[in-house]
Structure formats: C-alpha cells, structure tokens
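Right, one structure below, let's go through it.
Nothing in this text is a laboratory measurement; each read-out follows from the coordinates by a stated rule. Computed from a predicted model, the values in this text were never measured in an experiment. For neighbour counting, all protein chains shown are included, and Cβ atoms are generated from backbone atoms with ideal geometry for every residue, glycine included.
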Amino acid sequence: MPLRPIDAIFVCPKQRLYVVYYRGELWQLPRMKIDDRSWQNRRLYTGESSALYLSSRQTIKDPVLAQKLRTLNFPVALRGSPLPRFEAWWETHGFKWLKDKLTTGQSPLAAHQATASAKAIDNLPTSPSNYQPDAPNANDNAGQKSSEQPMTASAKTDIFAQMLADLVDEVLHQQL
C-alpha cells in the first residue's frame with residue numbers, strides 16, 4: 001500500500017545544515033535557516049543518509065514555505081532518530097499514527113502545534129513591568145524586498161486549516 005508522501009526536516013551535524021525529506025527525496029538547504037529563500041536554493045543531498053537525524057523542531061515559521069512543506073509533529077520518541085529508523089517507523093506506523101490523530105480531532109501538522117502554542121502564549125496575562133516585545137532582527141530581512149506583506153493571523157489560520165483539510169481527506173479516503 002503506498003503511503004502519503006511525507007515532508008520532514010533533518011539535521012546533518014557534521015556539515016551543519018538542514019536536509020528536507022520532501023516526498024521521498026532528500027534536499028539540502030544552503031544554510032542553517034529554513035525559509036523560502038533557502039528552499040529556492042536547495043540542491044539534492046548526496047551525502048550519507050545515516051548521518052541525518054530527525055530535527056526536534058518540524059515547525060516552519062516562513063508562511064510561504066509552510067504552504068509548500070507539510071511537516072508533521074512527530075512523536076517525541078521519534079525526534080533525533082537517524083533517517084533509516086525514521087523511514088522504518090513511517091513505513092510501519094505512519095498511516096495508523098496519522099489516522100489516530102485525525103480520528104481524535106488532533107492535528108498532526110507541526111504548523112498547527114506552533115499556532116496552538118502561540119495562541120496559548122498570547123492569552124497569558126502579562127504585566128507592563130515584565131512584558132518585552134521581540135525586537136526585529138536586522139539580519140532576518142537582509143536581502144529581502146520591503147514589498148513583502150506580513151501575513152495576518154487569520155490568513156495563517158486559513159492556510160493551516162486548508163492544509164489540515166487536505167490531509168484529513170487523504171487519510172480518511174485511503175483504502176486499506
């Protein structure tokens with residue numbers, strides 16, 4: 001039975017880079033930053049696959065790239081696993097894990113976990129004495145055009161809602 005193509009983020013500690021497992025192929029990002037610009041400059045990973053470890057963070061903060069890569073919030077026990085172990089787990093348990101998540105009403109998408117965490121943090125009471133907003137990092141926007149518009153919270157929710165709807169449709173209509 002063919003399984004749903006999966007997207008996952010791996011780390012190569014020796015070369016200090018990210019490798020994205022995208023629909024069964026390994027793509028090396030040119031730097032230790034996961035954003036659309038890095039994705040546009042990706043190249044096929046030709047290194048040793050056993051040197052890759054599943055990243056503990058699967059959330060993609062760049063909204064443009066988050067639409068392209070549907071990373072999942074894998075079980076904690078799987079994080080840090082080498083690629084061969086990850087592939088073996090996905091082949092034997094992946095479909096059941098996805099189906100269990102969806103039937104219990106939980107989102108398997110890493111993007112939804114980040115959104116839920118952000119909402120929980122946003123709802124925490126803060127006093128003026130200890131509230132310090134994050135200062136924008138000048139290096140984050142280096143080389144990017146200023147015409148890019150930040151996404152609103154509702155636009156992000158719509159993107160993730162559509163991603164989840166597509167995933168639910170795939171899993172629930174998969175024939176055993």
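Subtracting the Cα-Cα distance of residue 40 and residue 92 from 0.36 nm times their residue separation leaves 15.5 nm of extension gain.
Pairs to check: 33/68; 68/101; 68/96; 61/101; 14/101. Give those whose C-alpha atoms are more than 27 Å from each other in this structure. Don't skip to the answer; put the middle values down first.
Working: 33/68 16 Å; 68/101 21 Å; 68/96 24 Å; 61/101 22 Å; 14/101 34 Å.
In this structure, 14/101 exceed 27 Å between Cα atoms.
Between residue 106 and residue 23, the modelled labels are 2.9 nm apart [label points 7 Å from Cα along Cα→Cβ]. Label-to-label distance, residue 99 versus residue 14, with points set 7 angstrom from Cα along the beta-carbon direction: 3.9 nm.
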